[in-house]
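Peer 1: Got a structure for you, written out below as structure tokens; questions coming shortly.
The values are calculated or read from the model by the stated rules, or taken from the named source; none is laboratory data. Since the structure is predicted, the reported quantities are computational estimates derived from the model, not experimental observations. In this analysis, Cβ positions are derived from the backbone assuming ideal geometry, glycine residues included, and neighbour counts consider all displayed protein chains. Accessible surface areas use protein heavy atoms only, side chains included; no ligands, DNA or RNA. Shrake-Rupley method; radii C 1.70, N 1.55, O 1.52, S 1.80 Å.
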Amino acid sequence: SLEPFSTIAKDFVYEKDEVVTFVVSLDETPLLKSFTADEIGQQTEAVRQHTAALEAAIAAVQALAQEALGETEGFEMGFTYTMGTVGFSVTTTFGNLEVLEALEGVKSVYVAPVFDVPVNGEESLNALTSNSSSMIGADVANKTGYTGRGMRIAILDTGITVDHPSFAALPDEALVDPMTRDSVDKIWSELNAGKMATKFNLSYYNSKIPFIFNYTSGDFNVANSFAGSDHGTHVAGIAAANRIEGVDVVGMAPEAQLVVMQGFQQGGGAAWPT
């Protein structure tokens, strides 16, 4: 049976012919429950073997799903997951829920929620860029000498204004074991982004923003104009806006790198599987 993502979803009724995106979870142990982040980052032999086993398990269930739903109009496989959970997303009609649940190896199936972009003009949702940093105590953290050096922060939002001065390239002295074009190139074929896009990895922008990708269009356009909201730029600024002489706005971790993962559809919301 369907286990709603939130208490709100419990009251939501889907029609059998309504097209939804399911997340199909398998009864397998994800990487983060078996290995440390460092081990995963280093791609140890044990990590590679476990990843290969998970990918094989996912492919086996996907094949069963393809066989069961292959004739369904609009049926489409989506992303695969091995890190925090093991499974895949699939778009089909809600009436196929029980078919997916019955597949061998499936632990659970649920409808993925969609998050809407805040509506501009509503006072309670307006971005207060000038004092956001102080509201969360970034100014206090800055005074301690904390800079976020050597860290990466993922921004899963509406994209970012990549050429904003607050996201200019970091100086060499601020880079400690940084994410680089080469480091992403090494794992590009293993990433969902690499499977969606062309064979060329164009995700590197600069040393401040070493990774950009639009997971709804399958390309590298993360401009705020795509989703129609600059919310992502605002969030990225709160997290890691560069310290600029004469400018009051500075992020909590100004020397951290930003990994920009645009997940909002053009003129719409962000689907959970993205």
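Peer 1: Just to be sure I understand: with springs between alpha-carbon atoms less than 10 Å apart, which residue in Val13, Val250, Val222 has the highest mean-square fluctuation in the Gaussian network model of the chain?
Peer 2: Highest fluctuation of the listed residues: Val13.
Peer 1: For the stretch 134-205 and the stretch 19-93, write down the distance between their C-alpha centroids in whole Å.
Peer 2: Each part reduced to its Cα centre gives a spacing of 26 Å.
Peer 1: Which one, Leu32, Leu175, Leu69, has the greatest fluctuation when you compute a Gaussian network model over the chain with C-alpha springs under 10 angstrom?
Peer 2: So, out of Leu32, Leu175, Leu69, the one fluctuating most is Leu32.
Peer 1: For the chain, give the percent of accessible area contributed by carbon and sulfur heavy atoms, probe 1.4 Å, rounded to a whole number.
Peer 2: Working: 7990 of 15160 Å².
Whole-percent figure for carbon plus sulfur exposure: 53.
Peer 1: Express in nm, to one decimal, how much length is gained between Leu32 and Glu104 on full extension, taking 0.36 nm for each residue of separation and deducting their alpha carbon distance.
Peer 2: My answer for the length gained is 23.6 nm.
Peer 1: Let me ask something else. Which lysines have a Cα lying under 16 Å from the Cα of Lys186, excluding residues fewer than 8 positions away in the same chain?
Peer 2: Within the straight-line limit of under 16 Å, Lys186 reaches these lysines: Lys195, Lys199.
Peer 1: Another one. Can you find, among Gln42, Phe79, Gln62, the residue farthest towards the positive end of the dipole of the chain? Put +1 on the C-beta of Lys and Arg, -1 on that of Asp and Glu.
Peer 2: Gln42
Peer 1: Here's something else I'd like to know. Looking at the stretch 138-274, send over the antiparallel percent of its DSSP beta bridges, to the nearest 5.
Peer 2: Details: 2 of 12 bridges.
The answer is about 15 percent antiparallel.
Peer 1: Sticking with this structure for a sec: How tilted is helix 45-69 with respect to the longest principal axis of the chain? Cα atoms for both, answer in degrees (0 to 90, nearest 10).
Peer 2: For 45-69 against the chain, the angle is about 50 degrees.
Peer 1: If you count the DSSP beta bridges with both ends in the chain, what percent of them are antiparallel, to the nearest 5?
Peer 2: 65
Peer 1: Over the alpha-carbon set of the chain, work out the extent along each principal axis and list the three values in angstrom, largest first.
Peer 2: 62, 50, 32
Peer 1: With a 1.4 Å probe and all protein chains left in place, how much accessible area per residue does the chain have, in Å²?
Peer 2: Accessible area per residue: 55 Å².
Peer 1: Grab the DSSP H runs of the chain that are 4 residues or longer, score each as -39,500 (n - 2.57), total them, divide by all residues and round the 222 nm result to the nearest 500 deg cm²/dmol. Walk me through the numbers on the way to the answer.
Peer 2: Working: 9 runs with 70 residues, N = 274.
Taking each H run of at least 4 residues, the total per residue is -7000 deg cm²/dmol.
Peer 1: To the nearest 0.05, what FRET efficiency results for Lys195 and Ala154 with a Förster distance of 25 Å applied to their C-beta separation? It would help to have the intermediate numbers written out before the result.
Peer 2: Working: r = 18 Å, r/R0 = 0.74.
Efficiency at R0 = 25 Å is approximately 0.85.
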